[in-house]
Each structure stands twice: as C-alpha cells, then as structure tokens.
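Enquirer: Encoded as structure tokens, here's the structure I'll be asking about.
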Amino acid sequence: MADHEAVRHIVIGAGSAGCVLAERLSAGGDGQVVLIEAGGPDRRAEISIPAAFPALFGTSADWGYRTTPQPGLDGRSLNWPRGRTLGGSSSLNAQIWTRGHRADFDGWAHDDGCAGWSADEVLPYFTRAEDRSGTGAYGSGGPIRIEDLRDPSPATTEFLDACAEAGLPALDDGNPLEPEGAGPVRATQRGGRRWSSADGYLRPALRRGNLTVVTDAHVERILIEDGRAVGVAYTTADGPAEVRADGEVILAAGAIGSPQLLMLSGVGDAEELRRHGITVRAHSPRVGRGLADHLYVPLAFEAHGRVTPGVTDQQGEIGEFLRGRRGRLTSNLAEAVAFLCSDPSLTAPDLEFVWMLVPFLDQGRAPQTHGVTLGVVLLRPRSHGTVRLASADPAAHPVIDPRYLSDPDGDDLRVLTEGVRRAREVLTRPALAGRLGEPLTPGALDPDPETVHALARAHAETLYHPVGTCGMGADPEAVLDDRLRVRGVAGLRVVDASALPSLPRGHTHAPTVMLAERAAELILADAAQNRVGALTHR
C-alpha cells in the first residue's frame, strides 16, 4: 500500500470485532476498506486444533501482556494472553460461545443510557452472526459456526450428572438470553476444528477488491487533524507508513490495545498525556479506566482414567485428529458450564462454573498428569482497574492493573467464597466419586472460609475477559456515545470489548461479535446520511 493512500474506512485490529467490520463494511463494494493487524497470518497448527490453544500462550500469536502485582492476589502478577494474529483472541480462546444474560444488555440500555442496546434490540445481531445449523438450535446461516463438541469426555457427562445431583437445573437452550443451570458448551468449531472470526468473516471477504489486509503492521498512533481522525501511522518491516481515510477510523484493538492507542494519539486524561509528552487532542479522563475482568478460582484434581488431551498418547491423538477431526484434540478443554446465583434473591446469575479436562494451574500449558479443574468464576465483579501508558513509546506494553478483589466492602471475595462452597457440593456427589483423585489445588475441599480466602488469593486467575476501558454511555464523560463514537474526535469509533459498559454474565467473544455487527450497521447508516447531506448542500 502506498503512503497517504485515501480509503473509506480504516479498521485497526483483526480480532473478534475487526474481522466482522472488515467483512460488513466492504460488502457493498462502494468504498475501500483497510484492515491493519499487528500480528501475522493465522497459520499456526495450534490455532486449528481446539485443545492446543494453551500452547499459543507466549508465542508470536500472543501479545504476552502481564498485570502489575496484585495486592488482592498475594502480590502475584498474572499473564494476560491476548491474540496477535488474524482472528485476534478468537484464534487463541477456548471457543466457548455464550451470549450473556438479558439483564446485562437491559442494564446497558437503562443504567448506562445506551439507546438501542437492550436485550431485545441486540438479539437480532447475535442471530445474524450465528450458524447453528449443526445443532438444530436457534440461529441460522451466520458466519460463526457453533457446534456441539464432537467427542466430549465421559468425565463431562459425570460432571453434569453431579450438577443434577446437587440440584442445578439443566441449561435451557431455547431461552438463550436467560442462562441458568448446567449444560455442555457450544463451541465455535466447524467439523472438529476451531472456527474463528477470521474463518467466518474475513476469509470469505478477501476475494473483494475493495478490502486490503495489512499484517505484521504495528499501529503507532491515529492521525488527528482539526479535531477529526484522518488516518493511521504504522510501521512494518519495510519501515514507517501512513494510510488516510475520507470516512472513519475504527479502533478494534481490544480492551488493552484500544485505550493505549487512544492515549498515544492524544485522547485521554490531559494531565497524564502531558506527563508523557503527548500533545492533547481531546481530554477524555475515562480512557483506560473501568477495566473489568472475570476472575476465577481453580479447583484442580488428579483424575482417574485418560481424561486430559496430550498426556498419554500424543501421537495417536494427533493421528486421529488429522485423519477425521475426531478424538480428544477436538475438545476445547472447557466442555461444560453452569450459571448460578450466590443468593436466591438475585434475579440473574453472579457465578459460573467452568468444567475443564486439564489441571489448569499454569494456564493449561504442558500438563504432566491427567486431571480436571472446576473453575469458579466471579461474573459481576465490583473491583475495577485501569490501563495506563508506561511511556509514549508505541512498542512499550501499557501498565495493566485490574485491581482484583479490591472492592472496599469485600463483596467479590464473599461471592467467590460462596461459589467455592457451591462447587464443593457438586464435586462431592456420587457421579464424580470414581473420577476425582487427590486435590492439586491445596485446600480445594476444605470448607473453612479462611482457607477459601487464602486459596483464592494464592491461585485465582484471569478468565481472559477484559472489557470496559473505552466504555460507551450517555454520561458526557463516557469515552464513547451509544453509537460507539469517540467523544471529542470526529470520524473515530471504538468497536471491541473495551466499549462494553460492563461485563456480560458469560464469555465475551459472542457479545463482542454482536457489538461489531451492530456497529457496522451504524457506521454504514451514518455514512449514507452524510452522503445525502453532502448532496443536499451542493
């Protein structure tokens, strides 16, 4: 691409949202779209093999972020893998597709004042994205293929039986925006292999002459002139380059990358930007604030029998996968979930259980023994953190401080403690008696609350769901309005998990795809209105 080439839309980041935008914005064929991705093509074998995703952590396909030491977690600094390849984190995740709860989206609409984002209003955008023809469930024909796991483990059936014995109802797949109870996951897979946003959206669009994809390109800043975003400056192996837009620049770099790029471009807290020597383009003090993430406590055990992929017969499992996309490597490792309330007075779940076929104590990498983990997930944390600049160097990682378990009333730890108690009710049922061996998480079955507190502080981990660092809302100080436009800068939007006003009660890939589906519609509608306005004033 030549320097200073003008296009209609520039999308920064080819992740869960960016791939959606690239396809939808280029579909009409009447304007050039440029998609810029910091990572390379998604050709690594581990991306296609569902069970291999932990092997991608720490590779060139991962940004390799780390948090600051967390006082609430015994001073530990956590790894925060984020996708740096086509498909972004949808090429690294555990492929779980959950929409969230009706209360999440109605909260966006009513509490945050985001018109058009209520549950009933966003439901069509989920449906538009989903292809569930392989399961016979709701949704049809969309780019994201969602399937039942091909060869789930017998241990997963035992876990679901234990949930039933503990009184948890079965998930009702016919009521998709009110999840409560236990059930097998629906995975973003097609025929036993991963199906990322790059597979579903980007690859079919690459045939179009009006879509250009630039990989291995590190965006350094957004070009802002006279209060308007006009282009992007980036670097590749060939050196620095620019691309300019006569339409919009759309940030889809994720909950870490998007606030960092806004601040590097002069949009953020004015005092902080000046401290780093950055020219202030728009004072927006909430950029990088409001960081929220799902924290979970892993209750890990040795397992009787062959459960964990890759432990006993790696070559045999690889051969079975290559021959027919069958066997244990088609597992996403997290084969079942349960949503439940810590208090019967709640109207929506605040806890999730994730059943994993691996002792997930080192983020699932290189397990040495057959094991299982029941992850107890805090769905609605009250603790919030920040993403701040470490320096004005675009190559420097930002400072990520989630402030886990920092809420002053201690509600997060209280809810997690209740979650661990409820998890024990499942783990000690007869259905799992023949499967579970010795605990690998010290104190996993100890009922003493102080033991649980210590366990959480020593072992709790991220579930890889950061959101909220460029949140939308009606409040004039919110970074984005409800059409995802950056306040204070024309021609600039943020469309990714950073825009979510609060954490959904579930995994974040599906809500991010939904957000991008609706955002593409808003962008195209605004562009059409601008063209009509320009013709009217001629």
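Enquirer: Output the residues belonging to region 246-266 that are out of contact with any Ser or Thr (no Cβ under 6 Å at 6 or more places or on another chain), surrounded by fewer than 24 Cβ atoms within 10 Å (Cβ to Cβ) and over 18 Å from residue 291 (Cβ atoms).
Expert: 246, 247, 248
Enquirer: Within region 352-383, take every residue that is among the aliphatic types (A, V, I, L, M) and part of a strand (DSSP E or B) and give me the one that is farthest from residue 291 (Cα to Cα).
Expert: Among those that are among the aliphatic types (A, V, I, L, M) and part of a strand (DSSP E or B), it is 372.
Enquirer: Determine which member of the set 286, 244, 274 is within 30 Å of residue 352 (Cβ to Cβ) and either at pLDDT below 95 or assigned by TED's automatic domain parsing to the domain that holds residue 496 (or both).
Expert: Values: 244 fails: within 30 Å of residue 352 (Cβ to Cβ); 274 fails: within 30 Å of residue 352 (Cβ to Cβ).
The unique qualifying residue is 286.
Enquirer: Of all residues in region 184-201, which are in a loop (DSSP other than H, G, I, E, B) and hydroxyl-bearing (Ser, Thr, Tyr)?
Expert: 188, 196
Enquirer: Please count how many residues of region 431-473 are assigned to a loop (DSSP other than H, G, I, E, B), surrounded by fewer than 14 Cβ atoms within 10 Å (Cβ to Cβ) and either at pLDDT 95 or above or in contact with a helix residue (DSSP H, G or I) (Cβ under 8 Å, 6 or more places away or on another chain) (or both).
Expert: So the count comes out to 4.
Enquirer: Being of a type in the set (Lys, Arg) and assigned to a loop (DSSP other than H, G, I, E, B) is the filter; apply it to region 7-47 and report the residue that is surrounded by the most Cβ atoms within 10 Å (Cβ to Cβ).
Expert: 44
Enquirer: Run residue 417 past the list (1) assigned to a helix (DSSP H, G or I); (2) in contact with a strand residue (DSSP E or B) (Cβ under 8 Å, 6 or more places away or on another chain); (3) under 30 Å from residue 105 (Cα atoms) and report the number of the one that doesn't hold.
Expert: Result: residue 417 fails condition (2) only.
Enquirer: Kindly list, by first and then second residue, each pair from a residue in region 89-103 that is in contact (Cβ under 8 Å) with a residue 12 or more places away in the chain and over 21 Å from residue 176 (Cα atoms) to a residue that is among the acidic types (Asp, Glu) and in a loop (DSSP other than H, G, I, E, B), limited to pairs with Cβ atoms under 9 Å and residues at least 6 apart or on different chains.
Expert: Pairs found: 91/42.
Enquirer: How many residues are closer than 17 Å to residue 109 by Cα, of a type in the set (Lys, Arg) and either surrounded by 24 or more Cβ atoms within 10 Å (Cβ to Cβ) or outside the structural domain of residue 247 (by TED's automatic domain parsing) (or both) if we restrict to region 483-517?
Expert: Number satisfying all stated conditions: 1.
Enquirer: Considering (1) touching a strand residue (DSSP E or B) at 6+ places or on another chain (Cβ under 7 Å); (2) touching a residue at least 40 places away in the same chain (Cβ under 8 Å), say which one residue 165 fails and leave the rest.
Expert: Answer for residue 165: the failing condition is (1).
Enquirer: Across region 194-208, which residue is farthest from the chain's Cα centre (by Cα) among those that are touching a residue at least 40 places away in the same chain (Cβ under 8 Å) and surrounded by fewer than 19 Cβ atoms within 10 Å (Cβ to Cβ)? Don't jump to the end; show me each part of the working.
Expert: Residues of region 194-208 touching a residue at least 40 places away in the same chain (Cβ under 8 Å): 194-202, 204-205, 208.
With the extra rule that they be surrounded by fewer than 19 Cβ atoms within 10 Å (Cβ to Cβ), the set shrinks to 204, 208.
On the way: 204: 23, 208: 28 Å.
Once the filter is applied, the top-ranked residue is 208.
Enquirer: Just need a number here: residues in region 357-376 that are of a type in the set (A, V, I, L, M), within 21 Å of residue 457 (Cβ to Cβ) and surrounded by fewer than 24 Cβ atoms within 10 Å (Cβ to Cβ).
Expert: Just the residues of region 357-376 that are of a type in the set (A, V, I, L, M), to begin with: 357-358, 361, 366, 372, 374, 376.
Those still in the list that are within 21 Å of residue 457 (Cβ to Cβ) too: 361, 374, 376.
Of the ones still in play, those that are also surrounded by fewer than 24 Cβ atoms within 10 Å (Cβ to Cβ) are 361.
Residues that pass the stated criteria total 1.
The values are calculated or read from the model by the stated rules, or taken from the named source; none is laboratory data. Computed from a predicted model, the values in this text were never measured in an experiment. FYI the Cβ positions are ideal-geometry reconstructions off the backbone, even for glycines, and counts take in every protein chain you see.
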